[in-house]
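The values are calculated or read from the model by the stated rules, or taken from the named source; none is laboratory data. Everything numeric here is computed off the predicted structure, so don't read it as measured data. Neighbour counts run over all protein chains shown; Cβ positions are idealised from the backbone, glycine included. Side chains included, ligands, DNA and RNA excluded: accessible areas come from the protein's heavy atoms. Shrake-Rupley method; radii C 1.70, N 1.55, O 1.52, S 1.80 Å.
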Amino acid sequence: MATSNEAGPGAGWLQRVLIGRNPKRTVVRIVVLAAVSLIVFRYVLLPVRVDGGSMLPTYRENGVNLVNRLAYLFREPQRGDVVAVRLLAGGHRMYLKRIVAMPGETLVFHGGRILVNGKLLEEPYVKFPCDWEHEPVLVGPDQYYVVGDNRDNQRELHAQGRAPRALILGKVLL
Amino acid sequence: MKEWTIRIILLAALAALGFWAWSVFYPNPEKIIKKRLNEMAKAASHSSDQGLVAQAWTASSLAAYFTPDVEVTLDVPGVHHTFSGRDELMQGALAVRRAGRNLTIRLPDIKVILAPDKTSAEVYVTGEARVSGEKEVFLQELRLRLTKVKRDWLIKQVETVKTLSKGPLAPAT
């Protein structure tokens, strides 16, 4: 009897911490929180894990980030934005790249520097430069040229190029 | 009122059961293709501790997923090759297995576009390969053409594709 008296207040405290004073209300809160999380993290802020070092040092390998899927709802992507580009087959794997050229522009790599419409593009975020040479590329009317910040590898091995607007999922948040 | 509720619940359960039975007996071609491609990815994966006989056996089991005249065109950095026919493809698969490294292939995304007559399909897949001893995961996008032969979906054509195109785009003249 004495034991149960001692355990009673303890158990009550634990119950209050775990399921609250009103269990029904707690269940409703959990359901609402789960639903809101599902909607937010599926349709608004997409959680992504960075795999690979093509965006170093801006985004380190295995770092976790969020992609804002509503970023381009009322405005178009801008030069310098880091965007998530989904692949042709679906969105479980995607590219994380920076927009360097806009629709209709011509881009060329000369001595590792980017020239857009003949003008040198300042890229303070590039800490690992390259010596890439590339013939001029005309970006189509509904495309953006994207490339990673880490250029310290062969051009052929670095995923870059024109991304159709429809495949740009959103802007990286952090 | 209570009786009506029970009836509605029973009807809903019956409809769900009917839907489930229908999907079991008449499966959606998209689902069949996705399942088959995932099975193929599993068959293409291998571990380095497999013996020669096991290697040959698992490589030959891959053949069941392709038509005899399959054409596989690979255009990736360092490899530009076309495999013509199932036999040549199987030899290539066996050579990869004999390299003696673990290879795990997964297809995280599969997009199926069925032809109107539902006897052929164009499929976009994202292939993910992990090789033992390599830190990086290799991603490759592929376009496959499948054809229905009797009740099986067989791969007739495979080619590498890229979301990001970096070749020069000639302005319209």
Are any residues in segment A:63-87 open to solvent by 50 Å² or more (accessible area, probe 1.4 Å) and farther than 23 Å from residue A:40 by Cβ, and if so, which ones?
A:76, A:78, A:79
Kindly establish whether residue A:100 is under 19 Å from residue B:164 (Cβ atoms), open to solvent by less than 30 Å² (accessible area, probe 1.4 Å) and of a type in the set (Val, Ile, Thr).
yes
So which helices (runs of 4 or more DSSP H) are wholly in segment B:1-95 and hold at least 1 residues that are open to solvent by less than 50 Å² (accessible area, probe 1.4 Å) and β-branched (Val, Ile, Thr)?
B:29-44, B:52-62
At pLDDT below 90 and assigned to a helix (DSSP H, G or I) - does that describe any residue in segment B:116-136?
no
Residue pairs within 9 Å by beta carbon, gap of at least six or interchain, first lying in segment A:116-145 and on the phi > 0 side of the Ramachandran plot, second surrounded by 13 or more Cβ atoms within 10 Å (Cβ to Cβ), listed first then second, are A:117/A:101; A:117/A:105; A:117/A:106; A:117/A:107; A:118/A:106; A:118/A:108
Looking at segment B:97-110, which of its residues are more than 24 Å from residue A:159 (Cα to Cα) and either of a type in the set (D, E, K, R) or exposed (fewer than 14 other Cβ atoms within 10 Å of the Cβ) (or both)?
B:97, B:98, B:99, B:100, B:101
Quick one: count up the residues across segment A:117-141 that are within 25 Å of residue A:53 (Cβ to Cβ) and either assigned to a loop (DSSP other than H, G, I, E, B) or more than 10 Å from chain B (Cβ to nearest Cβ) (or both).
14
Pairs returned, first residue in segment A:52-64 that is more than 11 Å from chain B (Cβ to nearest Cβ), second residue that is outside any loop (DSSP other than H, G, I, E, B) and open to solvent by 10 Å² or more (accessible area, probe 1.4 Å), beta-carbon separation under 6 angstrom, 6 or more apart or interchain, are A:55/A:96; A:56/A:150; A:64/A:49
Of the residues that sit in segment B:111-161 and are of a type in the set (A, V, I, L, M, F, W, C) and loosely packed, with under 13 Cβ neighbours inside 10 Å, which one is farthest from the other protein chains (Cβ to nearest Cβ)?
B:149
Got at least one residue in segment B:93-101 being small (Gly, Ala, Ser) and either within 14 Å of chain A (Cβ to nearest Cβ) or in contact with a His (Cβ under 7 Å, 6 or more places away or on another chain) (or both)?
no
Just one of (1) under 22 Å from residue B:31 (Cβ atoms); (2) modelled with pLDDT under 95; (3) within 12 Å of chain A (Cβ to nearest Cβ) trips up residue B:105, so point out which.
(3)
Looking only at segment A:114-141, how many residues end up being surrounded by 17 or more Cβ atoms within 10 Å (Cβ to Cβ) and either of a type in the set (D, E, K, R) or within 25 Å of the chain's Cα centre (by Cα) (or both)?
5
Within segment A:59-95, how many residues are farther than 24 Å from residue B:108 by Cβ and touching a Pro at 6+ places or on another chain (Cβ under 7 Å)?
0
Please enumerate the residues belonging to segment B:49-63 that are small (Gly, Ala, Ser) and free of Cβ contacts under 8 Å to residues at least 24 places away in the same chain.
B:51, B:54, B:61
Subset of segment A:88-104, residues farther than 16 Å from residue A:50 by Cβ and either more than 7 Å from chain B (Cβ to nearest Cβ) or in a strand (DSSP E or B) (or both), comes to A:90, A:99, A:100, A:101, A:102, A:103, A:104
Just the residues that are more than 9 Å from chain B (Cβ to nearest Cβ), open to solvent by less than 40 Å² (accessible area, probe 1.4 Å) and assigned to a loop (DSSP other than H, G, I, E, B), please, taken from segment A:142-161.
A:148, A:149, A:151, A:158
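To keep it simple, each residue is scored yes or no on (1) without any contact (Cβ under 8 Å) to a residue 40 or more places away in the chain; (2) of a type in the set (A, V, I, L, M).
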residue: B:88; (1), (2): yes, no
residue: B:101; (1), (2): no, no
residue: B:120; (1), (2): yes, no
residue: B:130; (1), (2): yes, no
residue: B:139; (1), (2): yes, yes
residue: B:145; (1), (2): yes, no
residue: B:160; (1), (2): no, no
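Table: residues versus (1) touching a strand residue (DSSP E or B) at 6+ places or on another chain (Cβ under 9 Å); (2) closer than 23 Å to residue B:146 by Cβ.
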| site | (1), (2) |
| --- | --- |
| B:7 | no, no |
| B:11 | no, no |
| B:23 | no, yes |
| B:29 | yes, yes |
| B:33 | yes, yes |
| B:44 | yes, yes |
| B:55 | yes, no |
| B:71 | yes, yes |
